[in-house]
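**Student:** Below are the structure tokens for one structure; questions will follow.
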Amino acid sequence: MLRPWAAHWVAAVLLCRAVAQYSSDQCSWRGSGLSHESHRRDVEQVYLRCSQGSLEWLYPTGAIIVNLRPNIEPSPGHMSGLHVCIKPQVYSQGSHVYLEQAGDLRLLLAEKDQAQGTVHCFSLAEGVLFVEAIPQADISRRITAFQYELVYSQGPATHMYPYLQPGLVACKPCSDEEVLMAVCTSDFAGSGVFQGVAPGTNKHSLATVTLRRLFRQKSGVFSWGGARGRSWSGRINVPAQCSVRPGGDEYLLTGSVHFGEAWLGCAPRYKDFLKLYIQAQNAGTNPCQVDTN
């Protein structure tokens, strides 16, 4: 329910005072409320044009409206299926986060809930982010900060996105074509073994892995220097339906990275992948080349 003074505030920013602030790289924004501390009812517009990034608002005062869009404008049919997921930093405080649409505000994330670091998702059709600073005498040491990702609710990899529809994330065998494509396009790809599995939530578990080969990785989720300094090590979130056996066969491990965490995708036995890869290489149908030696 929109508060009366908030309605006036939103109307004011839409009609007369909209101060645009653009991030330097169009993916992330960092600003300070000290720039308008004497005008604590100011509302600033922030425009981000990227599939993922971050926002950091130091000494929050007033409010900011965060407009999120992909760097390539989707077609009208795809726009309705575009969602945003945000993950607050555990140190985030000083603001409430709302969804604003046509002057109406709906609370998405209260200040007290941000320390949990829980991911929240919403459709872009529901509105834009309205981040409202909590009025207080001392704004020092307060930072509102979160990461965001844009994801389509329909597509070939949607069923593996862990936050949009977590109950639908499944552990299913990948086709030969999906395996070959996963090696080329996944956020990470390598070969290794499962060392152990720790409980996560009722929807996924956390597996520790050691990789003998690392074809590619994003965001440095695996670190060099495992056993005798000859391997990569890290942790991968695994859907609860998947059966993981520590210390067993070597697997091809592929998947995606979301908010700095690795999530398992296609994972056939490495010897089966190698046979498939060689066959495709001889036939000239490999979508990319990797060093399997």
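**Student:** Just name the residue that is farthest from Ser32 (Cα to Cα) out of those in region 125-138 that are among the aliphatic types (A, V, I, L, M) and surrounded by 20 or more Cβ atoms within 10 Å (Cβ to Cβ). Walk me through it before giving the result.
**Tutor:** The initial filter retains those residues of region 125-138 that are among the aliphatic types (A, V, I, L, M), namely 125, 128-129, 131, 133-134, 137.
Filter again for surrounded by 20 or more Cβ atoms within 10 Å (Cβ to Cβ), leaving 129, 131, 133.
Details: Leu129: 17, Val131: 13, Ala133: 12 Å.
Only one residue tops the list, namely Leu129.
**Student:** Any idea which residue in region 256-293 is surrounded by the most Cβ atoms within 10 Å (Cβ to Cβ), counting only those that are aliphatic (A, V, I, L, M) and under 20 Å from Phe222 (Cβ atoms)? Lay out the reasoning, then the answer.
**Tutor:** Pass one, region 256-293, residues aliphatic (A, V, I, L, M): 257, 262, 264, 267, 274, 276, 278, 280, 283, 290.
Retained after the next criterion (residues that are under 20 Å from Phe222 (Cβ atoms)): 257, 262, 264, 267, 290.
Working: Val257: 17, Ala262: 26, Leu264: 24, Ala267: 22, Val290: 16.
Among residues in region 256-293 that are aliphatic (A, V, I, L, M) and under 20 Å from Phe222 (Cβ atoms), the one surrounded by the most Cβ atoms within 10 Å (Cβ to Cβ) is Ala262.
**Student:** Checking Ala137 against (1) touching a Pro at 6+ places or on another chain (Cβ under 6 Å); (2) farther than 21 Å from Leu48 by Cα, which single condition isn't satisfied?
**Tutor:** For Ala137, the exception is condition (1).
**Student:** Ok, one more. Before we move on, is Leu109 farther than 26 Å from Ser256 by Cβ and crowded, with 17+ Cβ neighbours inside 10 Å?
**Tutor:** no
**Student:** Here are the criteria: (1) touching a Lys or Arg at 6+ places or on another chain (Cβ under 8 Å); (2) assigned to a loop (DSSP other than H, G, I, E, B). Tell me which single one Ser219 does not satisfy.
**Tutor:** (1)
**Student:** Right, here's the next one. Go through region 231-242 and count every residue that is part of a loop (DSSP other than H, G, I, E, B) and under 25 Å from the mean Cα position of the chain (by Cα).
**Tutor:** Initially, region 231-242 is screened for residues part of a loop (DSSP other than H, G, I, E, B), giving 231, 240-242.
Still in the list and also under 25 Å from the mean Cα position of the chain (by Cα): 240-242.
Going through region 231-242 one residue at a time, the tally reaches 3.
**Student:** So which strands (runs of 3 or more DSSP E) stay within region 1-91 end to end and still have 2 or more residues that are loosely packed, with under 15 Cβ neighbours inside 10 Å and modelled with pLDDT under 90?
**Tutor:** Working: elements: 19-22, 29-32, 43-49, 52-58, 63-69, 82-88.
Because the criterion is at least 2 residues that are loosely packed, with under 15 Cβ neighbours inside 10 Å and modelled with pLDDT under 90, the strands (runs of 3 or more DSSP E) in region 1-91 that meet it are 19-22.
Table: residues versus (1) in a strand (DSSP E or B); (2) under 24 Å from Tyr161 (Cα atoms); (3) in contact with a strand residue (DSSP E or B) (Cβ under 9 Å, 6 or more places away or on another chain).
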| site | (1), (2), (3) |
| --- | --- |
| Gly192 | yes, yes, yes |
| Leu206 | yes, yes, yes |
| Thr210 | yes, yes, yes |
| Phe215 | yes, yes, yes |
| Asp249 | no, no, yes |
| Leu253 | yes, yes, yes |
| Ala267 | no, yes, yes |
| Phe273 | no, yes, yes |
| Leu276 | no, no, no |
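The values are calculated or read from the model by the stated rules, or taken from the named source; none is laboratory data. If you're wondering where the values come from, they're calculated on a predicted model, not measured in any experiment. Positions of Cβ are backbone-derived with ideal geometry, glycine not excepted, and every protein chain shown enters the neighbour counts.
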